[in-house]
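Each reported figure results from applying straightforward, stated rules to the coordinates on display, with no laboratory input. Every value quoted in this text rests on a predicted model; they were computed, and no experiment measured them. No Cβ is skipped: glycine too gets one built from the backbone with ideal geometry, and neighbour counts run over all protein chains shown.
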Amino acid sequence: MLEVACGTGYWTQYIARQARQVVATDAVDETLNIARQRVVAPHARFLTADAYALPPFAEQFDAAFAGFWFSHVPKQGRTAFLHNLHGALVAGARVILLDNRFVAGSNTPISETDDHGNSFQIRTLQTGTTHRVMKNFPAQDELLSLIQGLGRNASFRTWDYFWAFEYELI
């Protein structure tokens, strides 16, 4: 399994329990170091990689996962991101995206929306610094339209605060 934007390895630790092999990628070395400490498994590898420009891998993967990443992909870059991800996968691979739903009163409010329809939040860290963060909340129809002609057997599930989208690569 290929995991994109693994961060500190929270999801990697669970994936590694089920997958024969997992290659977890992230663009930030500091978070990968935390992931390496969290996930001690001989079949888990961690690589520094840009989620928008994945490197060529020696093998292709039969599954891919991105947890709490897709909401940060600009709407105008979603198709390119998925094409890049699909390039690392075999036909028939399972792709699983998991992310937050917008729940008023629970999420940080949307502070602005740009010309592409991307929404942004202002987040304040414990240090007191504030940051403008892109956080999109795609609907099922948006996700389905992105994989039209690329994926099949799609499934969209929601819970109170989360959604999961899974499909099979054609």
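Before moving on, here are some points about what is shown:
- Zone residues, region 133-164, relative to THR113, backbone N less than 18 Å from point 7 Å out along Cα-to-Cβ: 133-143
- Integer Hz, Karplus 6.51/-1.76/1.60 couplings in order for region 162-170, x for Gly and Pro: 9, 9, 9, 10, 10, 8, 9, 6, 6
- Ordering of 162-169, 115-122, 5-12, 65-72 by packing is 5-12, 65-72, 162-169, 115-122, highest average first (other Cβ atoms within 10 Å, averaged per residue).
- With a Förster radius of 25 Å applied to the beta-carbon distance between PHE102 and ARG132, the computed FRET efficiency rounds to 0.90.
- Distance histogram in 10 Å bins (all Cα pairs of the chain, percent per bin): 10, 36, 38, 16, 1
- Computed 3J(HN,Hα) for region 110-127, one whole-Hz value per residue from the Karplus formula 6.51 cos²θ - 1.76 cosθ + 1.60 where θ = phi - 60°, is 6, 9, 6, 10, 8, 5, 8, x, 6, 9, 10, 10, 9, 10, 10, 7, 4, 6, glycine and proline marked x.
- HN-Hα J in Hz across region 144-159 - Karplus 6.51, -1.76, 1.60, θ = phi - 60°, x for Gly and Pro: 4, 5, 5, 9, 4, x, 10, x, 9, 6, 6, 9, 10, 10, 10, 10
- Cα-based shape type of region 1-70, given that a ≥ b ≥ c are square roots of the gyration tensor eigenvalues and the cut on a/c is 1.5: rounded
- Count Lys and Arg as plus one, Asp and Glu as minus one, and take only other residues whose Cβ is under 13 Å from that of PHE81; the net charge is then +1.
- Of VAL40, VAL73, VAL95, the one that fluctuates the most in a GNM where the chain has Cα springs shorter than 10 Å: VAL40
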